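**Student:** Let me begin by handing over the structure; questions about it come next.
The values are calculated or read from the model by the stated rules, or taken from the named source; none is laboratory data. All of these numbers come straight from a predicted model, not from anything done at the bench. Don't worry about glycine lacking a Cβ; one is built from the backbone with ideal geometry, like all the others, and counts go over all protein chains shown. Surface accessibility is based on the protein's heavy atoms, side chains included, excluding ligands, DNA and RNA. Shrake-Rupley method; radii C 1.70, N 1.55, O 1.52, S 1.80 Å.
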Amino acid sequence: MADWHRILDILNLPDEPAVLVGAPRGDSAVVQSLLEVRPSARITILGVVLPDTAQWGSAPVVAPGELSSAVATGSVDAILLDHAMDHIVIDALSRHEGLGPKQSGGGEYSPWARALRAYWRAGDLEEVAAPFFVGLMKDCQSALRRSGKIVIHHRIVGSDLIAGQPMDLYAEYIQLARRWVKTSSLLLREAPLDSFDPQWWLCLESGS
């Protein structure tokens, strides 16, 4: 949680910021930190990570494909994606394969876990996941205010590895995101986060 407090200090958010949050659980460190630092923050949930909405009160949930129409252009001060990259990639593969949303259970033999490993080992994962990620970032970019930033964080969670995430992929999600942004037509550039490990953190801002 201390890391997110430091990140929020760097972002220098207004007193009542509008923030789009993608996190796997409603009690995640990013949400707790945000509400401690900015108790009046107006939070919208990015539904790609299927959080427990009971933990979020009345915060609206927006599906990735509805982001551009549900969130006004230039209305968000920050977009915080905490441990969301693996969910974004799985969502891309699940949509491509027609598997539906990821469900709990099934472990390494679940359909999404099998698809993830198969695409990664065949070298086809980026062909499917990169366009989905870039499309999501394009919508996020449109939602940002001029001074807004997107912060993407990933970390090792043992239960994800048990559930079938390949370790060599799991540790590279931020590097993949960084490359996908650089090789896209997105008007986003990386903003430095001094003292934060670039293996696990990526901050983006408008490059226009």
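**Student:** Identify, please: which residue in region 44-67 is within 22 Å of GLN175 (Cα to Cα) and modelled with pLDDT of 80 or more and is, among those, surrounded by the most Cβ atoms within 10 Å (Cβ to Cβ)? So that I can check it myself, show each step before the final result.
**Tutor:** Let us first name the residues in region 44-67 that are within 22 Å of GLN175 (Cα to Cα), namely 46, 48-49, 64.
Still in the list and also modelled with pLDDT of 80 or more: 46, 64.
Working: LEU46: 25, PRO64: 21.
This residue is LEU46.
**Student:** Test of understanding: among GLY164, GLY148, which residue is open to solvent by less than 20 Å² (accessible area, probe 1.4 Å), assigned to a strand (DSSP E or B) and not β-branched (Val, Ile, Thr)?
**Tutor:** Just one listed residue meets the conditions, GLY148.
**Student:** Separate question: Restricting to region 134-168, what's the tally of residues that are under 16 Å from TYR119 (Cα atoms) and either at pLDDT 95 or above or among the acidic types (Asp, Glu) (or both)?
**Tutor:** Number of matching residues: 1.
**Student:** Only one of (1) among the small types (Gly, Ala, Ser); (2) in a loop (DSSP other than H, G, I, E, B); (3) open to solvent by 10 Å² or more (accessible area, probe 1.4 Å); (4) touching a helix residue (DSSP H, G or I) at 6+ places or on another chain (Cβ under 7 Å) is not met by SER185, so which one is it?
**Tutor:** Only one criterion in (1) among the small types (Gly, Ala, Ser); (2) in a loop (DSSP other than H, G, I, E, B); (3) open to solvent by 10 Å² or more (accessible area, probe 1.4 Å); (4) touching a helix residue (DSSP H, G or I) at 6+ places or on another chain (Cβ under 7 Å) is unmet by SER185, namely (4).
**Student:** Restricting attention to region 68-83, does a residue exist that is modelled with pLDDT under 85 and under 23 Å from ALA115 (Cα atoms)? Can you show your working first?
**Tutor:** Here is the first cut: in region 68-83, the ones modelled with pLDDT under 85 are none.
No, the conditions are met nowhere in region 68-83.
**Student:** I would also like to ask the following. Mind telling me which of the residues SER195, SER206, SER185 ends up being farther than 18 Å from LEU144 by Cα, more than 15 Å from the chain's Cα centre (by Cα) and among the small types (Gly, Ala, Ser)? Break it down stepwise before answering.
**Tutor:** Details: SER206 fails: farther than 18 Å from LEU144 by Cα; SER185 fails: farther than 18 Å from LEU144 by Cα.
The conditions single out SER195.
**Student:** Assess whether GLU36 counts as being surrounded by fewer than 15 Cβ atoms within 10 Å (Cβ to Cβ), modelled with pLDDT of 80 or more and out of contact with any Pro (no Cβ under 7 Å at 6 or more places or on another chain).
**Tutor:** Here the answer is yes, as GLU36 does meet what is asked.
**Student:** From the set of residues in region 133-145 that are over 17 Å from LYS182 (Cβ atoms) and not aliphatic (A, V, I, L, M), which is nearest to the chain's Cα centre (by Cα)?
**Tutor:** Of the residues in region 133-145, the ones over 17 Å from LYS182 (Cβ atoms) are 139, 142-145.
After this cut, where a residue has to be not aliphatic (A, V, I, L, M) as well, the list is 139, 142, 145.
Details: ASP139: 13, SER142: 16, ARG145: 18 Å.
Among those residues, the one meeting the criterion is ASP139.
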